[in-house]
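Visitor: Dropping the structure in here first, questions after.
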Amino acid sequence: MLHKLGAAIFAALLVFSLAACSLGNPQKAGDTFVADASAAIDAVPNVVSNKTRFTDPGGMGAVINVRITAVEHTDLDAVLRDSLHAFADASGSLKGVSRVEFYVFPEGEADNGIRPDVLGLSQSPTVQEIRDYTSSNG
């Protein structure tokens with residue numbers, strides 16, 4: 001009887017361990033996304049630099065923060081639109097419900113930027129809202 005109980009406990013521990021391993025590390029997946037998204041956004045015309053952060057506080061849903069510095073005197077709407085496309089293309093590993101804080105500003109004028117609401121999205125859209133926007137705005 002004790003032997004069967006020990007075997008059952010061992011089997012349960014093995015199942016739980018395998019299940020935990022299959023869940024993966026959301027922050028590690030976020031780090032991979034950040035590298036991919038940063039490279040894609042840096043390739044957008046008139047982008048000087050970008051800072052992309054992925055934060056997963058655990059159980060609260062991830063938040064992605066993207067700050068893009070654009071060339072002075074450039075069309076910020078175009079940089080934002082193209083950056084949203086680059087972001088969406090790199091977002092395949094992310095859950096659609098994650099909130100995204102996007103901000104594009106001209107070099108040297110961090111207080112004079114724009115957010116996705118100028119393109120008809122919410123100020124902090126979800127990943128899925130960005131995907132939907134980019135798929136319908138080629």
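A short reminder: the numbers here are calculations on the coordinates, not readings from a lab. Bear in mind the structure is a predicted one, so any value in this text is a computation, not a measurement. Heads up, the Cβs are rebuilt from the backbone with ideal geometry, glycines too, and the neighbour counts pull from every protein chain shown.
Visitor: In whole Hz, with x marking every Gly and Pro, tabulate ³J(HN,Hα) for region 82-89 from phi via Karplus 6.51 cos²θ - 1.76 cosθ + 1.60, θ = phi - 60°.
Guide: 5, 5, 5, 5, 4, 4, 4, 5
Visitor: Work out from phi, with θ = phi - 60° and the Karplus expression 6.51 cos²θ - 1.76 cosθ + 1.60, the ³J(HN,Hα) of each residue of region 105-119, listed in order in whole Hz, and give x for Gly and Pro.
Guide: Per-residue couplings from phi come out as 9, x, 3, x, 9, 4, 8, 10, x, 10, 10, x, 5, 5, 9 Hz.
Visitor: Under 20 Å from a point 7 Å along the Cα-to-Cβ line of ASP75: which residues of region 89-114 have their amide N that close?
Guide: 103-107, 113-114
Visitor: Within a Cβ distance under 13 Å of THR52, other residues only, what is the Lys/Arg minus Asp/Glu net charge?
Guide: The answer is -1.
Visitor: Residue separation times 0.36 nm, minus the C-alpha to C-alpha distance between SER93 and LEU119: what's the value? Before the final figure, lay out each step's value.
Guide: Details: separation 26, 0.36 × 26 = 9.36 nm, distance 2.45 nm.
Fully extending the segment from SER93 to LEU119 adds 6.9 nm.
Visitor: Mind listing the Cα extents of region 30-131 along all three principal axes, in Å, largest one first?
Guide: 41, 25, 21
Visitor: Another one. Could you calculate, for region 59-105, the ratio of the Cα radius of gyration to the Kirkwood radius, expressed as Rg to Rh?
Guide: Values: Rg = 12.2 Å, Rh = 11.8 Å.
Dividing the radius of gyration by the Kirkwood radius yields 1.03.
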